[in-house]
Amino acid sequence: MLLQHLNQQLRERADAGLLRQRHSVLGASAATVRMAAGGQGQPRDVLCFASNDYLGLCNHPAVAQALAQGAARYGVGSGASHLVSGHSHAHDALEAALLDWLHPCVPDAAVLSFGSGYMANMALLTALGHSGQTALFTDKLNHASLIDGALLARADVQRYPHNRTDRLADLLARSTAPIKLIATDAVFSMDGDIAPLPDLLTLADQHDAWLLLDDAHGLGVLGPQGQGSAAHLGLCSPRIILMGTLGKAVGTSGAFVLAHRTVVDWLVQTARPYIYTTAASPALAHATLAAIALARGAEGDQRRAQLHARIAQWRTGMADVLARYPHTGWALLPSHTAIQPLQVGCNHATVALGQRLMDAGLWVGAIRPPTVPVGTARLRITLSAHHTADQVAQLLHHMALAAAAAPTTAAATEVAP
């Protein structure tokens, strides 16, 4: 019965254009990657516009060398959880480097490192969500890790429409919870837009609330020295709880929480995703030190300038394509970050467009429900400092060819899976 049920569910997903698949890469993350071919096909090189390696540090020689040095010094695995015997000097050094880099955003702060951003968000929301004490206020387009953390938290959860601070203000005003926590992506992972962080912080001040910022896609990309979305907007407050990931612009793996030291002390004592899992590799923590030095230094500034030049090139060029071919119904969403979504609408049309680009040697992610709302399937173009002007021009050329050949858009009729 189980296999019959699962096979039926898989067929329904395929019919709705929602079936996911993996692609195998033969080598390091870069602007051009070698992709393994299925069946009897041969591997081929494709331009990759699907990676979150925003500064191009995943394959940086200094980071790779630091990983090898870390493995020679610490070994590969940590051997245990942080609170048993798995916490090493490398983890201490990483947390100190993150605090030194990002402390302007949160006074009297401390840092705690995690194996992934998903674990960090789950830890925060479950450790801070107290039954009968805490109310969580979450943006409806938050990342899955914030959604799942809120579901598991022992707290009253209230969701507000995307970036609607007026609706959030109403919810906060009606709440009688002693502890209030606003949770939001800083840069939304599928839309690329930046949350109205100054307004959210003002509301937090007015209602004695805390502001949890998931800055996975802003860290390293925005702000002075790549300090992220809060620094980009000039925000500093003890109310901010900052979660950042290290597997995107920083180019390695893992995550961290930067918050008032009392919050961090509480996480060490109570956060189950921290307490009950093996600590991340100390060699990787050592490599991340080298990546942070690059990201916050002069080379990081140069790479951010290159990235923002490619973003401007893409937006100008794609706006011209859409003006020439309005019949497509495609929409370039209003993002000025490395995440550049092109909303297509229909699941099948989105998959077909992604496959057309793949056939031309361009890898772009096709994003469909439930990751995004029904009827808003899109290509998620992600840009990197690795990309050259010629490579972005090649993407724009093939987008123009696809737009010229596209049928007139009909209203999307997909249903939620």
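Here, each number is a calculation from the coordinates, and none is a lab measurement. Keep in mind the model is a prediction, meaning the values are calculated, not measured. All Cβ positions, even for glycine, are placed from backbone atoms using ideal geometry, and neighbour counts span all protein chains on display.
What to note about this one:
- Principal axis dimensions, the chain - Cα atoms, whole angstrom, descending: 58, 55, 53
- Sequence of 248, 180 once ranked by neighbouring C-beta atoms within 10 Å, starting from the fewest: 180, 248
- The stretch 57-103: C-alpha gyration tensor shape, a/c 1.5 cut-off, then a/b vs b/c: oblate
- The chain: antiparallel DSSP beta bridges as a percent of all, rounded to 5: 55
- Residue-span extension gain [residue 405 to residue 15] - 0.36 nm each, minus C-alpha spacing: 138.0 nm
- Applying a DSSP loop filter and a limit of 12 other Cβ atoms within 10 Å to the chymotrypsin sites (Phe, Trp or Tyr not before Pro) in the stretch 309-417 leaves nothing.
- Sequence of 236, 58 once ranked by neighbouring C-beta atoms within 10 Å, starting from the fewest: 236, 58
- Lys/Arg +1, Asp/Glu -1 at C-beta; the chain dipole; positive extreme among 331, 300, 247: 331
- Centre separation in Å (Cα based) which lies between the stretch 292-335 and the stretch 163-184: 33
- 222 nm mean residue ellipticity, helices alone, for the chain (DSSP H n ≥ 4; -39,500 (n - 2.57); rounded to 500): -13000 deg cm²/dmol
- Where both bridge residues fall in the stretch 61-296, DSSP classifies roughly 40% of the beta bridges as antiparallel.
- A simple spin-label model places the labels of residue 316 and residue 96 4.6 nm from each other, with each point 7 Å out along Cα-to-Cβ.
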